[in-house]
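Data block below; observations after.
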Amino acid sequence: MATAFRTCPFCEATCGLAVEVEGDRVLSVRGDHDDVFSKGFLCPKGVGLQALHEDPDRLRTPMVRGADGVLRPASWDEAFGVIAERLPPLLAEHGRNAVAAYIGNPAAHNIASLIYGRVLLKALGTRNICSASTVDQYPKQMASAYMFGGGGVVPVPDIDRTDYLLMLGANPLASNGSLMTAPDVRGRLKAIQARGGRIVVVDPRRSRTAQVADEHVWIRPGTDALALMSLVHVVFASGLADAHPLADGVEVVERLAQDFAPEAVSGVTGIPAETLWRIGRELAEAPTAAVYGRIGTTTQRFGTSASWLVDVLNCVTGNLDRPGGAMFPLPAHAKRGEGRGRGARFGRWTSRVRGAAEIFGEIPVACLAEEIETPGDDQVRALITIAGNPLVSTPNSERLARAVASLEFMVSLDIYVNETTRHADVILPAPSPLEKSHYDAALYGFAVRNVANYSAPVFAATMPQEWETLLRLTGIVAGAGPDADVAGIDAMVAADVAGREGVEPDPERVGPERILDMMLRGGAYGLSLADLEAAPHGIDLGPLEPRLPETLKTPVGRVELAPEPLVADVERMHAALGEHVNGQMVLIGRRDLRSNNSWMHNLPKLVSGPLRCTAHVHPDDAARLGVTDGALVRVTSRVGEIALPAEVTDDVMPGVVSIPHGWGHDVDGVELRVAREHAGSNSNVLADEDLVEPLSGTAVLNGIPVSLSPA
Ligand SMILES: Nc1nc2c(c(=O)[nH]1)N[C@H]1C(S)=C(S)[C@@H](COP(=O)(O)OP(=O)(O)OC[C@H]3O[C@@H](n4cnc5c(=O)[nH]c(N)nc54)[C@H](O)[C@@H]3O)O[C@H]1N2
Ligand SMILES: Nc1nc2c(c(=O)[nH]1)N[C@H]1C(S)=C(S)[C@@H](COP(=O)(O)OP(=O)(O)OC[C@H]3O[C@@H](n4cnc5c(=O)[nH]c(N)nc54)[C@H](O)[C@@H]3O)O[C@H]1N2
Ligand code: SF4
Ligand SMILES: [Mo]
């Protein structure tokens with residue numbers, strides 16, 4: 001028996017796991033008590049690693065669609081042969097944009113796809129790239145790009161040192177934290193309270209996090225930007241403003257906030273004016289404070305503005321870039337900055353059909369269906385999905401499913417035959433997490449401590465590594481056929497990184513390890529991969545340190561507190577002030593601890609117990625609409641309709657219905673035997689592809705107008 005230590009790949013918390021193995025079998029998965037960051041913490045999904053490894057439905061071979069239309073197991077050569085036969089002619093005849101790509105969430109937790117996914121997309125050369133980011137965090141990254149110059153320059157709450165934490169639209173007790181990598185959030189929150197600090201949660205639901213907070217403030221969905229602007233108002237009106245000396249535009253923000261006094265926003269937000277006055281003053285007067293907003297503030301109609309105002313508030317209360325406030329991490333694989341850069345650039349091109357602006361090299365996924373359906377030059381005829389399930393995760397699932405079914409060709413890199421990949425002509429699987437290495441390159445950029453942890457594979461892989469698969473695909477789209485020289489392409493990628501990092505590649509290494517090693521050696525701490533290999537519980541690089549102005553990438557090397565596009569968006573906020581609450585029900589989402597978006601429902605222990613895919617409805621609404629607890633309720637939006645069990649509870653505010661996303665596994669062709677038994681309903685059947693936040697194109701998934709009736 002042996003114990004392998006590795007980082008859990010499932011969510012942003014990066015917990016250390018201790019995996020007991022014997023031969024090629026897993027005996028148990030526990031928390032690694034010696035992990036420098038998580039110190040033994042883990043959640044049920046981490047334990048689920050064993051069940052995922054053993055899941056008989058997890059693909060072990062490629063799947064290829066036969067002449068009879070049925071997906072069946074195939075060899076790797078056969079699978080790549082089919083792709084090489086079908087994809088290049090399509091590219092040749094219809095151009096690069098005829099092939100779209102969708103990149104899903106697990107790709108962000110995977111060093112192979114982070115590095116080599118980019119290589120593939122570059123070779124593909126299409127403008128029709130979309131990802132889970134436009135149903136997630138792009139509003140935050142867009143706001144950060146405008147303020148700090150780069151989408152990766154995102155401040156995170158220094159929760160281990162703060163005295164006051166204001167959280168909006170986040171439920172880290174269920175999600176384990178997001179854009180805030182922090183294993184054991186509950187422990188860290190308790191520590192705030194133990195040192196005499198205060199936690200305030202703003203949410204239309206009494207979430208688990210709201211329950212442990214010192215104060216829960218109810219808010220009408222989609223109105224956070226107004227509430228945040230009024231807090232900015234309070235800080236200035238109370239003479240408490242103390243903006244960071246590097247910030248430009250302080251007076252502009254002060255002027256913009258003038259019309260948003262608590263009394264002006266109270267009606268539309270549902271928050272009493274005196275509560276806003278008090279919280280604004282508490283924030284400014286606390287020794288240190290951090291404001292943090294997550295998915296409830298990004299995937300909504302004011303997503304970018306709300307994200308902007310979170311950091312405006314951090315800045316004008318004197319908490320930007322100081323311990324206990326909102327700070328910029330410095331991961332081991334990153335370099336220190338130069339204090340200025342090219343700044344934000346968006347809209348370099350637009351989507352063909354609705355003219356949505358490019359964002360971080362992508363078009364919004366809400367546009368995907370129309371790009372497939374609408375004839376003309378550059379019509380999307382083929383799709384490559386990488387670790388994504390857009391037919392469950394993105395708006396108007398039924399329309400997108402019809403569109404995807406009409407494609408001429410589709411390839412999915414995925415570990416299951418699920419709601420999306422059932423449409424693919426070829427599915428290329430990936431090894432089990434225990435058969436691949438791990439380093440959380442993306443998430444360490446949002447960590448509340450600077451840490452580095454590398455995990456080697458526990459078992460030898462029973463199939464090609466994902467990076468090899470991605471490079472073989474790269475060869476095909478680059479015109480080199482199904483048997484391109486993968487090692488040769490990899491060497492070119494490595495040479496590129498070597499140039500950028502100013503270090504030599506290690507001749508003993510290949511693939512992501514060779515790249516990661518160079519990034520670490522070129523990085524801020526001068527570590528190497530060997531250093532990380534020698535530290536199976538991770539290396540603690542200490543608490544976050546102030547990084548202004550070095551981390552800035554704005555052209556002037558200062559913080560832009562009042563970027564022009566966000567100042568312009570205040571007009572829309574003004575218009576919202578006059579809105580009346582008219583009895584229209586709105587839909588919001590929620591997460592629970594044992595879920596992970598759409599894809600871990602095939603693991604028995606994560607779906608056992610009562611069905612969690614229910615509609616939470618307030619007792620007043622239930623009485624008014626004739627909805628009864630436990631009975632089916634029909635929920636209808638402009639684009640679709642689902643029926644699911646109602647749970648009548650005052651944990652949700654009147655006028656709001658809450659349904660978790662990621663369910664609806666009982667569609668034809670899905671090969672998930674456990675998930676099918678716990679199918680639930682897909683809430684994104686109700687999400688409207690036309691409802692996007694105008695700046696970032698990100699889908700409005702919280703605050704969708706719906707109506708309810710007994711089913
Ligand atoms: N209504 C509503 N919709 C939402 C949200 C919401 O809050 N409300 N949240 C949004 C958010 S934040 C996100 S991130 C998206 C997620 O959207 P997606 O990323 O599209 O969906 P996931 O459910 O994460 O699907 C992950 C896919 O990756 C596959 N997979 C898992 N591990 C691996 C691997 O190692 N390799 C490969 N190649 N594939 C793998 C799984 O089988 C699955 O098909 O959903 C969004 N959709
Ligand atoms: N267990 C579990 N963990 C996960 C995931 C998962 O699916 N399951 N997904 C992972 C992913 S991809 C992500 S992006 C993160 C997301 O992490 P979080 O952002 O913490 O996600 P949620 O738990 O959905 O919490 C969002 C909260 O916003 C509230 N909300 C909805 N609308 C509004 C609004 O208009 N205003 C305000 N103030 N609040 C609102 C909801 O009621 C909910 O409590 O979680 C990650 N971790
Ligand atoms: S909290 Fe996230 S990283 Fe930690 S064990 Fe659970 S799923 Fe894994
Ligand atoms: Mo996400």
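The values are calculated or read from the model by the stated rules, or taken from the named source; none is laboratory data. These numbers were taken from a predicted model, which means no experiment stands behind them. As a convention, Cβ positions derive from the backbone with ideal geometry for all residues, glycine included, and neighbour counts pool all protein chains shown. Just the protein is used for accessible areas: all its heavy atoms, side chains included, with ligands, DNA and RNA removed. Shrake-Rupley method; radii C 1.70, N 1.55, O 1.52, S 1.80 Å.
Remarks
- Residues of segment 591-615 satisfying the condition of being in contact (Cβ under 8 Å) with a residue 40 or more places away in the chain and open to solvent by 30 Å² or more (accessible area, probe 1.4 Å): Arg591, Asp592, Leu593, Arg594, Asn597, Trp599, Pro604, Lys605, Leu611, Arg612
- Pair list, Cβ under 6 Å, 6 or more apart: segment 5-23 residue free of Cβ contacts under 8 Å to residues at least 24 places away in the same chain and more than 16 Å from ligand 4 (Cβ to nearest atom), other residue of a type in the set (A, V, I, L, M, F, W, C) and open to solvent by 10 Å² or more (accessible area, probe 1.4 Å): Ala18/Phe5; Glu20/Leu27; Glu22/Met1
- Scanning segment 682-711 for residues that are buried (at least 24 other Cβ atoms within 10 Å of the Cβ) and polar (S, T, N, Q), we see that the one that is nearest to ligand 4 (Cβ to nearest atom) is Thr698.
- Scan of segment 198-254 for residues that are open to solvent by less than 20 Å² (accessible area, probe 1.4 Å), more than 30 Å from the chain's Cα centre (by Cα) and over 30 Å from Gly339 (Cα atoms), ordered by number: Val234
- Close pairs from segment 153-180: first within 6 Å of ligand 2 (Cβ to nearest atom), partner small (Gly, Ala, Ser) and assigned to a strand (DSSP E or B), Cβ under 8 Å, at least 6 apart: Leu168/Gly293; Gly169/Gly293; Ala170/Gly293
- For segment 403-412, a residue qualifies if it is open to solvent by less than 10 Å² (accessible area, probe 1.4 Å) and aliphatic (A, V, I, L, M), and the qualifying residues are Ala403, Val404, Met410, Val411.
- Test: Ser658 is out of contact with any His (no Cβ under 6 Å at 6 or more places or on another chain) and either in contact (Cβ under 8 Å) with a residue 60 or more places away in the chain or of a type outside the set (A, V, I, L, M, F, W, C) (or both): no
- Residue count for segment 251-279 under the criterion of being part of a helix (DSSP H, G or I), out of contact with any helix residue (DSSP H, G or I) (no Cβ under 7 Å at 6 or more places or on another chain) and of a type outside the set (Asp, Glu): the result is 4.
- Test set (1) out of contact with any strand residue (DSSP E or B) (no Cβ under 7 Å at 6 or more places or on another chain); (2) within 16 Å of ligand 1 (Cβ to nearest atom); (3) not basic (Lys, Arg) - Gly318 fails condition number: (2)
- Note on segment 75-113: residues that are without any contact (Cβ under 8 Å) to a residue 40 or more places away in the chain and small (Gly, Ala, Ser) amount to 2.
- Pair list, Cβ under 6 Å, 6 or more apart: segment 125-139 residue more than 20 Å from Asn702 (Cβ to Cβ), other residue at pLDDT 95 or above and basic (Lys, Arg): Gly125/Arg96; Thr126/Arg96
- Where strands (runs of 3 or more DSSP E) sit wholly within segment 581-651, those with at least 1 residues that are within 13 Å of ligand 2 (Cβ to nearest atom) occupy 585-588, 615-617.
- Put simply, of Ser131, Ser144 the only residue that is touching a strand residue (DSSP E or B) at 6+ places or on another chain (Cβ under 8 Å) and open to solvent by less than 20 Å² (accessible area, probe 1.4 Å) is Ser131.
- Of all residues making up segment 255-295, the number that are open to solvent by 10 Å² or more (accessible area, probe 1.4 Å) and either of a type in the set (Asp, Glu) or free of Cβ contacts under 8 Å to residues at least 60 places away in the same chain (or both): 16
- Filtered residue count, segment 103-147, keeping only those that are aromatic (Phe, Trp, Tyr) and either within 16 Å of ligand 1 (Cβ to nearest atom) or closer than 18 Å to Arg294 by Cβ (or both): 2
- Entirely in segment 12-75, the strands (runs of 3 or more DSSP E) that have 2 or more residues that are open to solvent by 20 Å² or more (accessible area, probe 1.4 Å): 16-22, 25-31, 71-73
- Answer from Ile115, Ile83, Ile103 - the residue that is more than 16 Å from ligand 3 (Cβ to nearest atom), aliphatic (A, V, I, L, M), touching a strand residue (DSSP E or B) at 6+ places or on another chain (Cβ under 6 Å) and under 24 Å from Ser437 (Cβ atoms): Ile103
- Among the residues of segment 463-480, those that are touching a residue at least 12 places away in the same chain (Cβ under 8 Å), over 29 Å from the mean Cα position of the chain (by Cα) and open to solvent by 20 Å² or more (accessible area, probe 1.4 Å) comprise Ala478, Gly479.
- Counting only helices (runs of 4 or more DSSP H) that sit completely within segment 302-411, those holding 2 or more residues that are touching a His at 6+ places or on another chain (Cβ under 9 Å) correspond to 303-316, 390-393, 397-405.
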